[in-house]
Amino acid sequence: MEATVLFGTLFALCIVWYLVTSALIIGALQQRKVKINFFLIRMLLPFYAGKYQKITREETGKTGPLFYHWIISINAALVFAVIALLFKTGVLP
C-alpha cells in the first residue's frame, strides 16, 4: 500500500472520530440545558468544547473524556494530513 493512501486514510478516520466526538459533546451540552447555535456550530465548536471541559470539571473535578477525544482526534488528523502531503510531494521517500 502506498504511504500517501495509508496516511490519507488515517486522516479520514481521524476526521470521522472528530465529528462523532463533536456530536457527542453537543449532545452532552444539550442534556445540561446549554443553548446550542446550530446555524454557527462549525465556527463555535471550539467554544462548545471548552464549555464542556469547564462544565465537567465543575461537576466532577476532572475534565470529561470527550474533550480529550476531541483534542486528540483533530491533532492526529493534522499530523496524518501533513505526513500524507510530505509523501505526496516527494519530501519523504
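The values are calculated or read from the model by the stated rules, or taken from the named source; none is laboratory data. Please read these numbers as outputs of a predicted model, since none were measured by experiment. Positions of Cβ are backbone-derived with ideal geometry, glycine not excepted, and every protein chain shown enters the neighbour counts.
Taken as a whole, segment 24-37 holds no residue that is within 30 Å of residue 86 (Cβ to Cβ) and out of contact with any His (no Cβ under 8 Å at 6 or more places or on another chain). When residue 25 is tested against (1) without any contact (Cβ under 8 Å) to a residue 24 or more places away in the chain; (2) of a type outside the set (Phe, Trp, Tyr); (3) outside any loop (DSSP other than H, G, I, E, B), just one condition goes unmet, and that condition is (1). Residue 34 passes every criterion in (1) touching a Cys at 6+ places or on another chain (Cβ under 6 Å); (2) of a type in the set (A, V, I, L, M); (3) in a loop (DSSP other than H, G, I, E, B) apart from (1).
Candidates 8, 50: the one that is part of a helix (DSSP H, G or I), of a type outside the set (A, V, I, L, M, F, W, C) and closer than 30 Å to residue 91 by Cβ is 8. Restricting attention to segment 1-14, the residues being crowded, with 16+ Cβ neighbours inside 10 Å and either under 14 Å from residue 41 (Cα atoms) or modelled with pLDDT of 95 or more (or both) number 5.
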